[in-house]
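*Asks:* This is the structure I have questions about; it appears just below.
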Amino acid sequence: MRPLIDIAIAIVIAAGIGLSTAWLAVERGNIFGLVRIGDWTASPEAGSPGADPYAVARLARTGELPLGAGEGLAFTVSVDADGDPLAGNCTYHIDGQTPAARLWTLTAYDQDGRLMANAAQRQGFHSREILRRTDGSFDIVVSPDVQPGNWLPIAGAERFKLVLRLYDTPLTTGTPADSTMPDVRRERCR
């Protein structure tokens, strides 16, 4: 009888560990084949037939539609340049340039992956509507308070993330090693 109890305990422990690690992998998002440029991460395989099973499970759970390999890359950042999580009561500057792309969009999402509702009815920017400096760089202010210039309002979220989608970019076929992404610097918090 004792060996059967030991086998049952081993099965329960193995099932618990297996289910919790699978849940963690799906909950945390893509963990295999990530591309990192600074604090920004992308999963180039997420929209391809070769995506890992955890990425497929996460996409099925969230209902997200990833960019296909021929469309571009979606980079996500959820921390500032100091490594602190992006907080909805703070003001941030997204400063610099993006890698080469025909078009890009920058969008703010709450921690549940929903667009951030706000009174200004603006959830993002695209590359053809922002004000730029003479060298082609830009400064987008992400803040719950009204700001002059390129202002992306955030409201109602304790934590949020920014998604920068690069459409028709050479990064889908090349290496991002020599690419730069804009910095995310925190200015102040309420």
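The values are calculated or read from the model by the stated rules, or taken from the named source; none is laboratory data. Predicted model, so just to flag it, every value in this text is computed and none were measured. Ideal geometry is used to build each Cβ from the backbone, glycine not excepted, and the neighbour counts take in all protein chains shown. Surface accessibility is based on the protein's heavy atoms, side chains included, excluding ligands, DNA and RNA. Shrake-Rupley method; radii C 1.70, N 1.55, O 1.52, S 1.80 Å.
*Asks:* What accessible area, in Å² to the nearest ten, does a 1.4 Å probe give for Ser20?
*Replies:* 60 Å²
*Asks:* Apply the Karplus curve 6.51 cos²θ - 1.76 cosθ + 1.60, θ = phi - 60°, to the phi angles in the stretch 116-123 and return the couplings in whole Hz, x for Gly and Pro.
*Replies:* 7, 6, 7, 5, 7, 6, 10, 9
*Asks:* Using a simple spin-label model with points 7 Å from Cα along the Cα→Cβ vector, what separation in nm is obtained for Asp135 and Val79?
*Replies:* It is 2.7 nm.
*Asks:* Let me ask another. Keeping all protein chains in place and using 1.4 angstrom, which order do Tyr109, Tyr92, Tyr167 fall into by accessible surface area, from largest down?
*Replies:* Greatest to least solvent exposure: Tyr167, Tyr109, Tyr92.
*Asks:* Which value, in Å² rounded to 10, gives the accessible area of Glu45 with a 1.4 Å probe and all protein chains present?
*Replies:* Near enough 90 Å² of accessible area.
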